[in-house]
Every structure is written in C-alpha cells, then in structure tokens.
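What follows is a set of notes on a single structure, which appears directly below.
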Amino acid sequence: MNKKILWLAGIVIILSAAILGFYVIQKQQQEAARVNVNLVAMGDSLTEGSGDEKKDGGYVGIVKNDLKKREDVNKVTTENYGVGGNRIDQLMKRLETQKDFQKSVKQADAISITIGGNDVMKVVRQKLLDAKKKDFTKASQAFDANLKELLDEIRSLNVDAPIYLFGIYNPYTTYFSDMKVFDDIIANWNAATKKTLKAEKNAYFISINEQLEERGATKVGKANPNLADDFFHPNHSGYEKMANALYKKIVTSIEDGNIE
C-alpha cells in the first residue's frame, strides 16, 4: 500500500513539474514575444498637444496609455518634438540641426508626424480673402517637395521604423459651412500628401478630417465639439480620435511584425 501511494505521489509530482514547466516556458515565450514601442512624435502644435484641456499630452499621451494596456506590448516610451506654429520647412531645419532630435529618430520604433496646417494658414494670412485655389496648389506642391526631403532625412537616420503622417482638416466647418472652396483645398492637399507617402516604404497616411470636422446641420454657427476654445486645435475629445486612429495603425504594424 505504501509503495503504491509513493508511486502515485511520484507520478503526481512528475506531472505537476511537467505542467509547471510548460507554463513557465509558455510565459517566457509570451514575454519574449512582447514588443517595446518607442514612439517619436514630431511636427507642430497638434503633436505638442495644444488645446488638450486635460493636459494629457494630446494624442501622444493618449496613445501611449492605450498601447500600455496591450498584452503584446512590454514597454511604451514617447518623445515629443512638436513645436507650435511649425511649418514643414521649420520642422526640417530642426531635424537637420538638432543632435538630440536626430538621436531620438535613430532609436525610434515608430514615428508620427503632424505638419501642414500652418503651411495652409500661411497662405490664408498672406492672401486673406483674396486667396485663390492656385495659391494653395502652389503651396501644396512646395509642401510635398519638402515632405519628400523630410522623409529622406528620416530614412537616412532610421530605415525601418514605420512613419505615420496625419492629414490636415478644416476647423471652420461649423462657422463657414458654405465655404466649399476651402473643403476642396483641404481635400486636394491631403490627396497630394497621401500620394507622396505611397511612394515611401512603410509610411502611412492617417486621415483625421472626417473625425474632427463637424458637419451636422444642428452645429452650424456653433463651436465644433471636437475643437478647443481657440476654434482651431483639437480638444481632449478630438485628440482621443487622433490617438485612436494612430493606435489602430501601430497595432497593425505590431501584428505585421513591423515593430519588434
């Protein structure tokens, strides 16, 4: 009887050890499969987080918190190189001259960009009500030429990291809903930017105009609920929509093995 009990106890111990070993190995494999995400964000005030009344860091801070909740993500770090008012030529100059900026891009696992809104507004400020479509077309062409140079500069520092570029949006849809010309300008600008990105490997366009623009008939003449009190930058709710769009792109990159 004692021998039988000892024999059964031995079997139980062996099985328990095997099961425990299996779970330990499985856990180690799961841990090894988890990725670290170092997101380097660059651009203008939308990357800086202007308008976020909760001071949560705009879309950069929100997407960081969202990614940290994923089981396939080990660690998330972010570096924010957003500067309010920057146009694309100014962003390029910062990247070309700031060593810490260059070092961050080299070490990035993912890169996000918001740029273009100030390039459009420069034409608006210069021309005021006399601005014509051709003025914006010329500005768009210059922007896309600079964008190609910016992408080349980023790739000279980091060959592999996926690049996510947000499009621009029309912040005036509730107050100037009848300004179809401006809608056309924004649409054409985004289309040209998207075409430029398609020529770049592992670079993605993120459309946010549909999420941030308010076109409901009941909102005409009222504040856009997605924008801050300045009627231009996103508020926290608007940044959540931007973060969600970026989150989906980053998750796809993780699942496709483009972020390891």
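Things to note:
- Subset of region 172-186 [touching a helix residue (DSSP H, G or I) at 6+ places or on another chain (Cβ under 8 Å) and open to solvent by 40 Å² or more (accessible area, probe 1.4 Å)]: 172, 176, 181, 184
- Filter result for residue 241 (open to solvent by 70 Å² or more (accessible area, probe 1.4 Å), under 21 Å from residue 105 (Cα atoms) and under 17 Å from the mean Cα position of the chain (by Cα)): no
- Scanning region 215-238 for residues that are open to solvent by less than 30 Å² (accessible area, probe 1.4 Å) and either in a strand (DSSP E or B) or out of contact with any Gly (no Cβ under 9 Å at 6 or more places or on another chain) (or both) turns up 216, 227, 234.
- The set of residues from region 78-93 being closer than 14 Å to residue 40 by Cα and either in a loop (DSSP other than H, G, I, E, B) or open to solvent by less than 50 Å² (accessible area, probe 1.4 Å) (or both) comprises 78, 81, 82, 83, 91.
- When residues of region 225-260 are limited to those that are touching a residue at least 60 places away in the same chain (Cβ under 8 Å) and of a type in the set (Val, Ile, Thr), the one nearest to residue 58 (Cα to Cα): 250
- Checking each residue in region 94-123 for being among the polar types (S, T, N, Q) and assigned to a helix (DSSP H, G or I) picks out 97, 102, 104, 118.
- Scanning region 21-50 for residues that are among the small types (Gly, Ala, Ser), modelled with pLDDT of 95 or more and either open to solvent by less than 30 Å² (accessible area, probe 1.4 Å) or farther than 21 Å from residue 241 by Cβ (or both) yields 41, 43, 45, 49.
- Here region 94-122 is the region considered, the condition is being of a type in the set (D, E, K, R) and at pLDDT 95 or above, and the residue that is most open to solvent (accessible area, probe 1.4 Å) is 99.
- The residues in region 51-77 that are under 25 Å from residue 118 (Cβ atoms) and either open to solvent by less than 40 Å² (accessible area, probe 1.4 Å) or hydroxyl-bearing (Ser, Thr, Tyr) (or both) can be counted, and the count is 9.
- When 141, 90, 126 are checked against the criterion of being closer than 19 Å to residue 168 by Cβ and in contact (Cβ under 8 Å) with a residue 40 or more places away in the chain, a single residue qualifies: 141.
- Of everything in region 138-171 that is β-branched (Val, Ile, Thr) and surrounded by 15 or more Cβ atoms within 10 Å (Cβ to Cβ), the residue that is farthest from residue 205 (Cα to Cα) is 154.
- Scanning region 187-195 turns up no residue that is over 28 Å from residue 144 (Cβ atoms) and exposed (fewer than 15 other Cβ atoms within 10 Å of the Cβ).
The values are calculated or read from the model by the stated rules, or taken from the named source; none is laboratory data. None of these values were measured; they are calculated from a predicted model. A quick note on method: Cβ atoms are made from the backbone with ideal geometry, for glycine too, and the neighbour counts reach across all protein chains shown. Side chains included, ligands, DNA and RNA excluded: accessible areas come from the protein's heavy atoms. Shrake-Rupley method; radii C 1.70, N 1.55, O 1.52, S 1.80 Å.
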